[in-house]
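Here the structure comes first, spelled out in structure tokens, and everything after it is commentary.
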Amino acid sequence: FTIHTQTVSESCPSNIALIKYWGKYDNQIPANPSVSYTLNHCKTNTSMEFLANEPFSVQTFLAGNEEVKFAEKIEKYFRNIEPYLPWILKGKYIIRTENTFPHSSGIASSASGFGAIAKCLMALDEEFSGKTSEEESLKKASFLARLGSGSACRSLYNGLIVWGETEEVEGSSDLFAVQYPDAEIHEIFKNFNDWVLLIHEGQKSVSSTVGHGLMNTNPYAERRFQEARENFVPMKEILKKGDMESFIKLVEHEALTLHAMMMMSDPAFILMKTGTLEVINKIWDFRRETGLPLFFTLDAGANVHLLFPSNGSEEKIKTFIERELLQHTQKNGVVKDVMRF
Ligand code: PMV
């Protein structure tokens with residue numbers, strides 16, 4: 001390979017898991033498989049300036065402001081992935097990054113952030129080592145993104161994405177993410193809304209790194225990992241048949257289980273807020289009264305992802321959200337996304 005000074009720019013979306021990844025082994029190997037929807041509109045745009053033959057260092061800017069802590073994290077990450085990109089420590093980096101969604105909104109900016117960085121690195125690699133196929137390049141970007149933040153590996157592709165080996169999905173791997181086979185997905189699941197209610201915009205009290213770590217001593221962890229693996233069996237049937245009722249039940253159960261694991265950790269922690277619980281109860285009341293398919297999932301935070309298909313009942317659901325749920329958000333914040341594939 002021949003390195004030279006070069007600037008590349010890439011964009012990567014975030015994602016929201018339906019079957020959750022929570023708990024991992026060494027080298028970012030997930031304790032169980034997970035499946036997510038890629039959020040089309042919540043993106044990180046990153047430009048990476050590589051100054052060849054300068055001493056290795058990393059400088060990062062988030063929305064124009066220098067971020068020293070983030071730079072330290074990226075420096076460590078680059079040292080870690082040197083075995084896979086031999087040129088990586090042979091220059092200086094200036095990385096400028098911007099999110100299209102509110103900062104610290106709880107939307108996984110580490111997923112889109114590491115996804116975008118991995119894509120930039122692959123773009124540089126192509127400059128220095130020659131072109132590889134689009135497929136190989138994405139696969140390696142997913143592999144590299146995983147080493148930055150586990151869930152980031154699922155952000156490289158659009159649609160329904162699986163990370164972690166499961167017999168239910170051919171070609172699935174612990175090392176990188178793969179697309180869920182399109183032919184096995186009912187149309188109803190290919191056009192979905194995800195509205196994120198911003199319940200709490202502050203810093204999370206426990207980071208996901210610490211949260212994953214607490215699964216090592218959680219007495220319920222093994223049972224949980226087993227359950228997540230098992231959940232791929234009904235999920236496969238649900239996705240194929242378009243069984244909305246079972247989908248809702250499974251997705252909400254996964255979200256609540258994630259938070260139950262946090263409560264059963266030692267020390268215990270709770271990332272939901274009062275508003276989170278109020279919104280969940282209102283969603284359940286609404287479903288009981290109308291039978292309409294509005295449901296939720298949660299990330300490792302207080303904000304609620306409202307999920308509903310794009311079909312006949314969409315307008316009624318949107319009206320309900322605007323009239324009844326927005327009052328629970330900070331500054332009436334809601335990030336609207338439509339996932340189409
Ligand atoms: O990728 P991490 O280490 O930030 O972990 C994120 C885990 C969850 O978002 C809570 C679940 C998931 O599968 O994305």
Footprinting proxy, K331, K236: sorted fewest to most Cβ within 10 Å, the residues are K331, K236
When a footprinting reagent is the concern and you count Cβ atoms within 10 Å, what order do I188, I29, I16 take, fewest first? I29, I188, I16
Among K20/K336; K24/K318; K249/K331; K24/K241, the pairs whose Cα-Cα distance exceeds 27 Å are K24/K318; K249/K331; K24/K241
Could you list which residues have their amide H under 5 Å from that of V58, counting only those 5 or more apart in sequence or on another chain, with H placed in the peptide plane? Y93
Checked region 6-184 with the C-alpha gyration tensor, a ≥ b ≥ c its square-rooted eigenvalues, rounded below a/c of 1.5, otherwise prolate if a/b is larger than b/c and oblate if not; verdict prolate
3J(HN,Hα) from dihedral phi, region 328-336, Karplus parametrisation 6.51/-1.76/1.60, rounded to Hz, x for glycine, proline: 8, 8, 6, 6, 6, x, 9, 9, 9
Taking the Cα centre as origin and putting +1 on Lys and Arg beta-carbons and -1 on Asp and Glu beta-carbons, what dipole magnitude results for region 188-340, to the nearest 20 debye? 220
Where the only charges are on Cβ atoms (+1 Lys, Arg; -1 Asp, Glu), what is the dipole of region 12-78 about its Cα centre, to the nearest 20 debye? 420
Which is the longest stretch in the chain that no exposed loop site breaks, taking sites as GluC sites (Glu not before Pro) with a DSSP loop state and at most 11 other Cβ atoms within 10 Å? 171-341
Choose one of S129, A108, Y180: the residue whose Cα lies farthest towards the positive end of the charge dipole of region 6-184 (beta-carbon charges +1 Lys, Arg; -1 Asp, Glu; about the Cα centre). A108
Estimated vicinal HN-Hα couplings, Hz - region 179-194 in sequence order (Karplus 6.51, -1.76, 1.60; Gly, Pro = x): 6, 5, x, 4, 5, 9, 10, 5, 3, 4, 8, 9, 9, 10, 9, 9
What shape does region 24-70 have by the C-alpha gyration tensor, where a ≥ b ≥ c are the square roots of the eigenvalues, rounded means a/c under 1.5, and otherwise prolate means a/b greater than b/c and oblate the rest? oblate
Picking from W22, N45, L85, whose Cα lies most toward the positive end of the charge dipole for region 1-106 (charges on Cβ: Lys, Arg +1; Asp, Glu -1)? W22
J(HN,Hα) series, region 55-72, from Karplus relation 6.51 cos²θ - 1.76 cosθ + 1.60, nearest Hz, glycine and proline x: x, 4, 7, 10, 10, 10, 10, 10, 6, x, 9, 5, 10, 6, 4, 5, 4, 4
I'd like the distance separating the alpha-carbon centroids of region 1-45 and region 302-316, in whole Å. 24
Can you classify region 163-317 as rounded, prolate or oblate using the Cα gyration tensor, where a ≥ b ≥ c are the square roots of its eigenvalues, rounded means a/c under 1.5, and otherwise it's prolate if a/b beats b/c and oblate if not? oblate
Charge dipole of the chain about the Cα centre (unit charges at C-beta), most positive-ward option of S57, A268, N32: A268
Euclidean distance between Cα centres, region 185-232 to region 275-295, Å: 20
Could you give the size of the charge dipole of region 268-321 about its Cα centre, using +1 on the Cβ of each K and R and -1 on the Cβ of each D and E, expressed in debye and rounded to the nearest 20? 60
Please give the calculated 222 nm ellipticity per residue for the chain, where each DSSP H segment of at least 4 residues contributes -39500 (n - 2.57) and the sum is spread over every residue; nearest 500 deg cm²/dmol? -11500 deg cm²/dmol
Which of R288, R79 has the fewest other C-beta atoms within 10 Å, and how do the rest follow up to the most? R288, R79
Using a Debye calculation, one point per C-alpha and no hydration shell, please list log10 I(q)/I(0) for the chain at q = 0.10, 0.11, 0.13, 0.15 Å⁻¹ in order. -0.59, -0.72, -1.00, -1.30
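Each reported figure results from applying straightforward, stated rules to the coordinates on display, with no laboratory input. The shown structure was predicted, so the numbers you read here are calculated from the model rather than taken from an experiment. Virtual Cβ from ideal backbone geometry, glycine too; neighbours counted across all protein chains shown.
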